[in-house]
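**Q** Can you read through this structure? Questions will come right after.
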Amino acid sequence: MDYNTNNNYSTTSYSAGGGGGGGGFMPGSQNASDSPSGGKRSYGKDTLRPCTIKQLHDAIHPNPDAEYFLIDGSETTQITFVGQVRAISMQTTNVTYKLDDGTGIMEVKQWIDAEQQSGDDGGDGGGQERKEKEKVVEQGYVRVWGRLKAFNNKRHVGANIIRPIKDFNEIQYHLLEATVVHLHFTRGPPGELNDNSKGGAQNMNGNGGAYDAGDMGGVQKLPAGTSAAARKVYHTIANTPQSHEGLHVQQIAQTGGMEIGEVLRAGEELVGLGAIYTTVDEQTWALLDVN
Amino acid sequence: MTESTPRVNAPYLEQFSHQTVRILGKVRQLRGEQATIDAGGQIQVHLNRDAHLQLNHAVEIIGKVQNDLSVKVMASTDMGPEGNIDFNAVDAVVDATHRYNQIFYEKEQ
């Protein structure tokens, strides 16, 4: 490979591999094929954002022809949300669902795929997908993936996928995820938040209240469901001065006032979570600090 | 907006009297047309005919908070045995709903 040739291509998205195999294409032709996607909004720029229905109603539509909406000042195209089906109405070309997620009500339209329907009679892969769809019932909870649209001053979501919720924890998961994303855009990533203040969003997890007090700024939050012992070991390692090699199990047990066996089990849990890693031997651990 | 039904639990009832709310709790007692559910505290609910509550199941209720902080059920959804639901997450959602209400409901001024 010749680096000089590669340099010519460095402004394009093509990798050196293409140049090596093809023996060189004209830079001009590449620019020509690049420009349409640069001028027009491309699907490549799409993001998928978890939202509440209230956010969809509040979203700013910059102009009537815009293909995107602004939520918290951020361009949004594809969205996903979880809601309860209040009404289903079968139309000739689409199915319209009225969904309620507790923050508002939104109409969701899904086009009926004629080909897929006829494929049902054959009864293979398409048939199963159809069955899946039939499970969307009134008063049931579903997750929707789709695109927010404005039509005659009325908003609806054009759905790509509507899937019934099987595990109801997904409702809580979705609402918390929507909150996290909202806070990310309005207040910045959680790392910065830690530096500014310990309170605020961190407390919303509400888990392990006793250990929240022990949280240090900058130390990552352990996921809900982490055992108390693991949290204790984590905080012991975080709060004890140490070399690059981290702390030995003995030392953690001594400092934290814990049994060796307990520390070993907790350590295993933390290694599994990717919160700590082993250093010089299996029993010496350091924090896996991503910051 | 009348379309929103904020998620609350027992401590929030007073703040939402005469409003329509959503409560996810555990069914503790069934007494004919009344029931007690546990959602951050005991809540007395008045059932409607369509409500089929089951003991020790998680249930989501949409209802109106009465003067005495009991809740008149308008709709209910059975969410299976209570062990299937992570109530830490449910509490976190209620907390987030009111802490960051701008994405969940309009606060009355």
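The values are calculated or read from the model by the stated rules, or taken from the named source; none is laboratory data. Predicted model only: the values in this text are computed from it and were never measured. Neighbour counts run over all protein chains shown; Cβ positions are idealised from the backbone, glycine included.
**Q** State the number of residues belonging to the stretch A:228-255 that are within 15 Å of A:THR278 (Cβ to Cβ) and not small (Gly, Ala, Ser).
**A** The number of residues fulfilling the criteria is 12.
**Q** Go through the stretch B:65-80 residue by residue and tally those that are part of a strand (DSSP E or B) and under 17 Å from B:GLU14 (Cα atoms). Quick ask: steps written out before the conclusion?
**A** The first filter runs over the stretch B:65-80 and keeps only residues part of a strand (DSSP E or B), leaving B:65, B:71-80.
Imposing the further condition that a residue be under 17 Å from B:GLU14 (Cα atoms) reduces the set to B:65, B:71-73.
Final tally of qualifying residues: 4.
**Q** Still on this structure: How many of the residues in the stretch A:240-259 are surrounded by 13 or more Cβ atoms within 10 Å (Cβ to Cβ) and not in a strand (DSSP E or B)? Give the steps one after another, and end with the answer.
**A** Applying the first criterion (surrounded by 13 or more Cβ atoms within 10 Å (Cβ to Cβ)) to the stretch A:240-259 yields A:240, A:242, A:246-249, A:251-256, A:258.
Then keep just the ones that are not in a strand (DSSP E or B); that gives A:240, A:242, A:249, A:251-256, A:258.
Residues flagged as surrounded by 13 or more Cβ atoms within 10 Å (Cβ to Cβ) and not in a strand (DSSP E or B) within the stretch A:240-259 amount to 10.
**Q** Modelled with pLDDT of 65 or more and either more than 14 Å from chain B (Cβ to nearest Cβ) or outside any helix (DSSP H, G or I) (or both): which single residue out of A:GLY158, A:GLY127, A:GLY119 fits that description?
**A** Numbers: A:GLY127 fails: modelled with pLDDT of 65 or more; A:GLY119 fails: modelled with pLDDT of 65 or more.
That would be A:GLY158, the only listed residue that is modelled with pLDDT of 65 or more and either more than 14 Å from chain B (Cβ to nearest Cβ) or outside any helix (DSSP H, G or I) (or both).
**Q** Does the stretch B:36-50 contain any residue that is of a type outside the set (S, T, N, Q), within 18 Å of A:GLY140 (Cα to Cα) and more than 8 Å from every other protein chain (Cβ to nearest Cβ)?
**A** Of the stretch B:36-50, the ones of a type outside the set (S, T, N, Q) are B:37-41, B:43, B:45-47, B:49-50.
So of that shortlist, the ones also within 18 Å of A:GLY140 (Cα to Cα) come out as B:50.
If we keep only those that are more than 8 Å from every other protein chain (Cβ to nearest Cβ) as well, we get B:50.
Yes.
**Q** For the structure I just gave you, tell me whether A:TYR211 is outside any loop (DSSP other than H, G, I, E, B), modelled with pLDDT of 70 or more and either acidic (Asp, Glu) or in contact with a helix residue (DSSP H, G or I) (Cβ under 7 Å, 6 or more places away or on another chain) (or both).
**A** Details: outside any loop (DSSP other than H, G, I, E, B): yes; modelled with pLDDT of 70 or more: no; either acidic (Asp, Glu) or in contact with a helix residue (DSSP H, G or I) (Cβ under 7 Å, 6 or more places away or on another chain) (or both): yes.
Considered against the rule, which asks whether it is outside any loop (DSSP other than H, G, I, E, B), modelled with pLDDT of 70 or more and either acidic (Asp, Glu) or in contact with a helix residue (DSSP H, G or I) (Cβ under 7 Å, 6 or more places away or on another chain) (or both), A:TYR211 comes out as no.
**Q** Output the residue which, of all residues in the stretch B:56-78 that are facing chain A (nearest Cβ under 10 Å) and surrounded by fewer than 22 Cβ atoms within 10 Å (Cβ to Cβ), is nearest to the chain's Cα centre (by Cα).
**A** We begin by selecting, within the stretch B:56-78, every residue facing chain A (nearest Cβ under 10 Å); these are B:58, B:60, B:62, B:75-78.
Okay, now just the ones that are also surrounded by fewer than 22 Cβ atoms within 10 Å (Cβ to Cβ), so B:62, B:75, B:77-78.
Working: B:ILE62: 6, B:ALA75: 10, B:THR77: 11, B:ASP78: 12 Å.
Ranking the qualifying residues of the stretch B:56-78, first place goes to B:ILE62.
**Q** Just for the stretch A:70-100: of the residues that are under 22 Å from the mean Cα position of the chain (by Cα) and outside any strand (DSSP E or B), which one is nearest to A:LYS166 (Cα to Cα)?
**A** Only one residue tops the list, namely A:THR77.
**Q** Sticking with this structure for a sec: Working only within the stretch A:161-176, note down all residues that are within 14 Å of chain B (Cβ to nearest Cβ) and among the aliphatic types (A, V, I, L, M). Break it down stepwise before answering.
**A** Filtering the stretch A:161-176 for residues within 14 Å of chain B (Cβ to nearest Cβ) gives A:164-176.
Matches in the stretch A:161-176: A:ILE165, A:ILE171, A:LEU175, A:LEU176.
**Q** Out of the residues in the stretch B:86-106 that are within 17 Å of A:PRO50 (Cα to Cα) and more than 7 Å from every other protein chain (Cβ to nearest Cβ), state the one that is farthest from the chain's Cα centre (by Cα).
**A** It comes out as B:GLN102.
**Q** In the set A:ILE105, A:ILE112, which member is modelled with pLDDT of 90 or more, assigned by TED's automatic domain parsing to the domain that holds A:LYS149 and under 23 Å from A:PHE151 (Cα atoms)?
**A** Working: A:ILE112 fails: modelled with pLDDT of 90 or more.
None of the others qualify; the one that does is A:ILE105.
**Q** Given the criterion at pLDDT 95 or above and assigned to a strand (DSSP E or B), identify the matching residue among B:VAL45, B:VAL94.
**A** Just a single option satisfies the conditions, and that option is B:VAL45.
**Q** Quickly run through the stretch B:17-32 and pick out the residues that are within 13 Å of chain A (Cβ to nearest Cβ) and hydrophobic (A, V, I, L, M, F, W, C).
**A** Within the stretch B:17-32, B:VAL21, B:ILE23, B:LEU24 meet the criteria.
Here is a yes/no grid of residues against (1) buried (at least 16 other Cβ atoms within 10 Å of the Cβ); (2) of a type outside the set (Phe, Trp, Tyr); (3) closer than 20 Å to A:THR186 by Cβ; (4) within 13 Å of chain B (Cβ to nearest Cβ):
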position: A:ALA59; (1), (2), (3), (4): yes, yes, yes, yes
position: A:ALA66; (1), (2), (3), (4): no, yes, no, no
position: A:LEU70; (1), (2), (3), (4): no, yes, yes, no
position: A:THR77; (1), (2), (3), (4): yes, yes, yes, no
position: A:VAL82; (1), (2), (3), (4): yes, yes, no, yes
position: A:ARG86; (1), (2), (3), (4): no, yes, no, yes
